[in-house]
Amino acid sequence: MALIELKDIRKSYKTGDILFEALKGITFSIEKGEMVAIIGPSGSGKSTTMHIMGALDTPTSGTYLLNGLNVEKLNDDELATVRNKEIGFVFQSFNLLQRTSVLENVMLPLTYRHMPYPQREKRSLDALAAVKLEEKIHNMSNQLSGGQIQRVAIARALVTNPSIILADEPTGNLDTQTSIEVMRIFQQMNEEGKTIILITHEPDIASCAKRIISLKDGIIVSDISNPAFKRL
């Protein structure tokens, strides 16, 4: 059974009398342990696909199975539970709490699970060690470089031990060298068994994944094993 399975997913938005079809019946599956890039220009449907896969939105029609669970039939509370247990998010905008320590930012998802403090702290320290930020645990988030902030965001995504890491334009605000360092972390996580899904418009970032799904105008135009895979 695939970890992620989308079958004929369609998503429409209505503004006044205008109906916009963001996704026009996309179908694909992702196996546990894959590293996949979903790529496309602005308006291609990749962000809508990301929101559906991340249980941040539901499709207009079609079926989305996550670990065998029929996601599009869940209510808001059930979707929130799925997000917290199954998916670790890394966003371009980082979404860290300002004037809050690195350690507290990483512990936040575990707080929602009402986990005892000693356990939250240990798991958060382990996640920060995985991204080589142990020495920054007491720093405020506004005292870090852009690359360090993104590594904190990756640690926060890791701390719940999710089935999937879903990264939306994870290097969009970073310089070239820092982007390479961040992508190296994702590749290492994938080699350790994590399922990584990258949403990007950058071919260089997509080249770091072993499989590339290309979207255009709400449809899949290609789904290939990456012949130019680049190990960093």
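The values are calculated or read from the model by the stated rules, or taken from the named source; none is laboratory data. Source: prediction; values computed, not measured. Cβ coordinates were reconstructed from backbone atoms using ideal geometry, including for glycine residues, and neighbour counts include every protein chain displayed.
Can you tell me which residues in the range 106-120 are assigned to a helix (DSSP H, G or I) and more than 23 Å from the chain's Cα centre (by Cα)? Even if it seems obvious, please write down each step before you answer.
Step one: list which residues in the range 106-120 are assigned to a helix (DSSP H, G or I), which gives 106-111, 117-120.
Matches in the range 106-120: Tyr117, Pro118, Gln119.
Return the residues of the range 12-61 that are within 21 Å of Pro227 (Cα to Cα) and either not in a strand (DSSP E or B) or not aliphatic (A, V, I, L, M) (or both); say none if nothing qualifies. Explain how you work it out, then say what you get.
Pass one, the range 12-61, residues within 21 Å of Pro227 (Cα to Cα): 28-41.
Correct list: Phe28, Ser29, Glu31, Lys32, Gly33, Glu34, Gly40, Pro41.
Between Leu103, Leu97, which is in a loop (DSSP other than H, G, I, E, B), aliphatic (A, V, I, L, M) and under 20 Å from Val131 (Cβ atoms)? Just one listed residue meets the conditions, Leu97. Annotation: of all residues in the range 123-147 being assigned to a loop (DSSP other than H, G, I, E, B) and of a type outside the set (D, E, K, R), the one that is nearest to Met189 (Cα to Cα) is Val131.
For the range 203-232, name all the residues that are assigned to a loop (DSSP other than H, G, I, E, B) and over 19 Å from Ala167 (Cα atoms). Steps first, answer last, please.
Step one: of the range 203-232, the residues assigned to a loop (DSSP other than H, G, I, E, B) are 207-210, 217-218, 226-232.
Matches in the range 203-232: Asp217, Gly218, Pro227, Ala228.
When restricted to residues that are touching a helix residue (DSSP H, G or I) at 6+ places or on another chain (Cβ under 8 Å), more than 21 Å from Ser29 (Cα to Cα) and among the small types (Gly, Ala, Ser), the range 161-211 contains 1.
Of everything in the range 141-160 that is surrounded by fewer than 20 Cβ atoms within 10 Å (Cβ to Cβ) and out of contact with any helix residue (DSSP H, G or I) (no Cβ under 8 Å at 6 or more places or on another chain), the residue that is farthest from Arg113 (Cα to Cα) is Gln143. Restricting attention to the range 1-23, the residues that are at pLDDT below 95 and surrounded by fewer than 14 Cβ atoms within 10 Å (Cβ to Cβ) add up to 9. Any residue that is out of contact with any Asp or Glu (no Cβ under 8 Å at 6 or more places or on another chain), over 22 Å from Gly33 (Cα atoms) and in a strand (DSSP E or B) - is there at least one of those in the range 158-175? Looking through the range 158-175, none of the residues is out of contact with any Asp or Glu (no Cβ under 8 Å at 6 or more places or on another chain), over 22 Å from Gly33 (Cα atoms) and in a strand (DSSP E or B). Could you tell me whether the range 138-156 includes any residue that is under 29 Å from Thr81 (Cα atoms), more than 17 Å from the chain's Cα centre (by Cα), modelled with pLDDT under 95 and of a type in the set (Gly, Ala, Ser)? Yes. Pairs meeting the criteria (first residue in the range 46-66 and surrounded by fewer than 18 Cβ atoms within 10 Å (Cβ to Cβ), second residue of a type in the set (S, T, N, Q) and not in a helix (DSSP H, G or I), beta carbons under 8 Å, at least 6 apart or on different chains) are Thr60/Ser12; Thr63/Asn70.
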